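The values are calculated or read from the model by the stated rules, or taken from the named source; none is laboratory data. Nothing here was measured: the structure is a model prediction, and the numbers come from that model. Backbone-built Cβ (ideal geometry, glycine too); neighbour counts: all protein chains shown. Note: areas computed on protein heavy atoms with side chains; ligands, DNA, RNA excluded. Shrake-Rupley method; radii C 1.70, N 1.55, O 1.52, S 1.80 Å.
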Amino acid sequence: MLARRTLGRIAAQPPVLGAAPSGSRNMATLREIELRLKSVRNIEKITKSMKMIASTKLAKAQRAMQAGKQYGIANSEVFEHSPVEESGKRRLFLVISSDKGLCGGIHSSVSKAARRALADKDAPVESDTPVMVIGDKAKAQLARAAGKNIVMSFNQIGRDIPTFADAAGVADLIIKSGVKYDIVTIVYNQFVSALSYEATTMQVESESALKESPGFKAYEMEDDVTKDLAEFSLANAIYATLVESHACEQSARRNAMDNASKNATDMISKLQMQYNRGRQAAITNELVDIITGASAL
Amino acid sequence: MSSATWRNVFTYNKYAQIAARALRQSLKENERVAAEKRGVTILRYQQWENGQGGQQVYLNPPEETNPKKSAAV
C-alpha cells in the first residue's frame with residue numbers, strides 16, 4: 001500500500017532531468033517484481049498440491065506393486081529353470097512408460113535404456129527389431145530415435161493403478177499382431193526406493209523359445225498347455241512391470257513437485273527481498289527529492 | 001472332456017478374462033462393485049507403419065450413452 005502511494009507520487013511529479021529514467025525504471029521493476037511474486041506464489045501452491053496428490057497415490061501404488069511383483073516372480077521361476085541361449089534369437093522390445101508428464105526423468109530414462117539396448121554392441125540386435133511402446137511420452141521420444149522399428153503403441157494406461165485386464169489386453173494384442181519373436185524384452189523402471197528408480201529389462205520367452213530350451217523338457221508339458229503358459233506368462237510379466245513402473249512414476253512425480261515447491265519457496269524469498277529493497281530505495285529517493293527541494297526554498 | 005476348441009478362436013488371456021468377468025458378475029453386490037474396478041481397462045492402441053502411427057483404436061469401445069434430458073425445456 002505504501003509502495004503504491006509512493007509510486008503514485010513519483011508519477012505525479014514533473015520528470016526532473018536525469019532522475020526520471022531511473023525513477024521510471026524503478027517503478028517498472030517494482031511492478032514487474034510484484035507480478036513475478038504473485039505468479040511464483042500461485043505456482044508454489046499448484047506444485048505443493050500436486051505433491052500431496054502424488055504422495056497419496058504413491059502409497060496406494062506401492063501396495064499394488066508389492067502384490068503385483070509376486071506375479072513377476074512366479075513367472076521367472078519357470079524361465080530360470082529353462083534358460084534360453086541369447087544368440088540368434090529374434091527379440092521384441094516392449095517399452096513401458098505413461099501418458100502424463102511432470103514426473104522427472106521417468107520417460108527419458110526408459111527410452112534411453114531402450115535406445116541403448118537397440119544400439120548395443122555386445123548383444124547386437126537386428127536393425128528391424130520390432131519395438132512396441134506403452135505410453136505417449138516414450139512413444140514421442142522413441143518415434144524420433146527409432147521410428148522405423150515401432151510396430152504398435154498403446155496409451156490410456158497409468159491413469160489409475162494398472163489392472164491385470166490392461167496387461168492381458170496388451171499381451172493379447174502383441175500375440176495377435178503376428179509379429180515374429182522368440183523373446184520379449186520388457187524395458188521398465190524398477191523401484192529402488194521412494195527416492196530413486198532405475199531402468200531395467202525383463203525377459204519373457206515365447207512358446208517356441210520355451211520348447212527349444214533344454215531345461216523345459218523336464219516339465220513334460222503338452223503343446224497346448226505350453227502355448228497357454230507362454231501367453232499367460234507374458235501377461236504376468238507385463239502386469240508386474242506395469243505396476244512397478246506406475247509406482248516409480250508416482251514417486252518421481254512426488255519428488256519432482258517437492259523440488260519445484262522448494263525452488264518456488266526460494267524464489268519467493270529472494271523476490272520478496274528484492275521487492276522490499278526496491279520499495280525502500282524508492283521511498284529514500286523521494287525523501288531526498290523532498291528534502292533537497294525544501295532546502296532550496 | 002474333448003479337447004477344447006476355444007484355442008482356435010482366442011488366446012488363453014482372453015479365456016481367463018472371460019472367466020474372470022463371469023466370476024465378477026456372480027459376486028454379491030458389495031464385493032462385485034469392488035471387483036469390477038479390478039477389471040476395468042480403457043486401453044487404446046495404434047498400429048505403426050514405417051514411422052507413422054495409424055488410427056487409434058479402443059480395445060473395449062466405450063458404450064454410447066444417450067444424452068440425458070435436461071430439466072429446462
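Taking segment A:98-152, which trypsin sites (Lys or Arg not before Pro) meet the DSSP loop condition and have no more than 12 other C-beta atoms within 10 Å?
Working: sites: A:K100, A:K112, A:R115, A:R116, A:K121, A:K137, A:K139, A:R144, A:K148; in loops: A:K100, A:K121.
In loop regions of segment A:98-152 (DSSP not H, G, I, E or B), the sparsely surrounded trypsin sites (Lys or Arg not before Pro) are A:K121.
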Self-check item: Label point distance in nm, B:R21-B:Y58, each placed 7 Å from Cα along Cα→Cβ
Solution: 1.4 nm
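Test of the criteria: in segment B:1-56, which trypsin sites (Lys or Arg not before Pro) are in a DSSP loop and have at most 15 other Cβ atoms within 10 angstrom of their Cβ?
Taking segment B:1-56 and a limit of 15 other Cβ atoms within 10 Å, the loop trypsin sites (Lys or Arg not before Pro) found are B:K28.
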Quiz item: Put a dot 7 Å past each Cα toward the Cβ at A:E32 and A:V288; how far apart are the dots in nm?
Solution: 2.1 nm
Self-check item: Within chain A, percent of DSSP bridges classed antiparallel, to nearest 5
Solution: 40 percent
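Considering only protein heavy atoms and a probe of 1.4 Å, how much of the accessible area of chain A is carbon and sulfur, as a whole percent?
On the way: 8930 of 15440 Å².
Reported share for carbon and sulfur atoms: 58 percent.
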Exercise. Could you pull the Cα extents of segment A:47-256 along its three principal axes, largest to smallest, in whole Å?
Key: 56, 35, 29
Practice problem: Provide the per residue accessible area, probe 1.4 Å, for segment A:87-234, rounded to a whole number of square angstrom. | Solution: 43 Å²
Exercise. May I ask you to derive the FRET efficiency for A:I43 and A:E222 from their Cβ-Cβ distance with R0 = 56 Å, giving the value to the nearest 0.05?
Key: 0.35
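If you put +1 on each Lys and Arg Cβ and -1 on each Asp and Glu Cβ, how big is the dipole of segment A:77-157 around its Cα centre, in Debye rounded to 20? Each step should come with its number before you reach the end.
On the way: 12 positive and 10 negative charges, 101 e Å.
About 480 debye.
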Self-check item: 3J(HN,Hα) from dihedral phi, segment A:68-80, Karplus parametrisation 6.51/-1.76/1.60, rounded to Hz, x for glycine, proline
Solution: x, 4, 4, 4, x, 5, 4, 4, 5, 4, 5, 6, 5
Quiz item: Counting GluC sites (Glu not before Pro) as exposed when in a DSSP loop with at most 14 other beta carbons within 10 Å, what is the longest stretch of chain A free of them?
Solution: A:127-219
Quiz item: About its Cα centre, how strong a charge dipole does segment B:3-58 have in debye, to the nearest 20, once Lys and Arg get +1 and Asp and Glu get -1 at the Cβ?
Solution: 180 debye
Self-check item: Along each principal axis, Cα extent of segment A:78-142, largest first, Å
Solution: 40, 29, 17
Quiz item: What residues qualify as long-range amide H neighbours of A:Y197, i.e. H under 5 Å apart, gap of 5 or more or another chain, H built at 1.01 Å from N?
Solution: A:V192
Self-check item: Ellipsoid equivalent to segment B:3-58 - semi-axes via the Cα gyration tensor, in Å
Solution: 30, 20, 6
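Can you pull out the GluC sites (Glu not before Pro) in segment B:1-64 whose DSSP state is coil and whose Cβ has at most 15 other Cβ atoms within 10 Å? All intermediate terms of the calculation are to be shown ahead of the outcome.
Details: sites: B:E29, B:E31, B:E36, B:E49, B:E63, B:E64; in loops: B:E63, B:E64.
Here the sparse-neighbourhood loop sites are B:E63, B:E64.
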Self-check item: Complex-versus-alone comparison for segment A:146-166, residues with a loss of 30 Å² or more in accessible area, probe 1.4 Å
Solution: A:K148, A:I150, A:V151, A:M152, A:S153, A:N155, A:Q156, A:T163, A:A165, A:D166
Quiz prompt | Estimated distance in nm for a label pair at A:H81 and A:A281, the labels positioned 7 Å out from Cα along Cα-to-Cβ | solution = 7.7 nm
Quiz prompt | Spread of Cα-to-Cα distances over 10 Å intervals beginning at zero, given as percent, for the protein assembly as shown | solution = 5, 18, 23, 18, 11, 9, 7, 5, 3, 1, 0, 0
Quiz item: Between chains B and A, what is the buried accessible area in Å², counting both sides, with a 1.4 Å probe and ligands, DNA and RNA left out, to the nearest 100?
Solution: 2400 Å²
Quiz item: So what's the Cα pair-distance distribution over segment A:198-261, bin width 5 Å, in %?
Solution: 3, 15, 18, 15, 11, 10, 8, 6, 5, 4, 3, 1
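At a 1.4 Å probe radius, carbon and sulfur cover how many percent of the accessible area of segment B:3-58?
Working: 2050 of 4080 Å².
C and S fraction of accessible area: 50 percent.
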Quiz item: Considering protein heavy atoms only and a 1.4 Å probe radius, which residues within segment B:7-38 exhibit an accessible-area decrease of no less than 40 Å² in the full assembly relative to the chain by itself?
Solution: B:R7, B:T11, B:Y12, B:N13, B:Q17
Exercise. List the residues of segment A:171-211 that lose 20 Å² or more of accessible area once all protein chains are present, compared with their chain alone (1.4 Å probe, heavy atoms only, no ligands or nucleic acids).
Key: A:D172, A:L173
Practice problem: Between the alpha-carbon centers of segment B:1-42 and segment A:41-89, tell me the distance in whole angstrom. | Solution: 24 Å
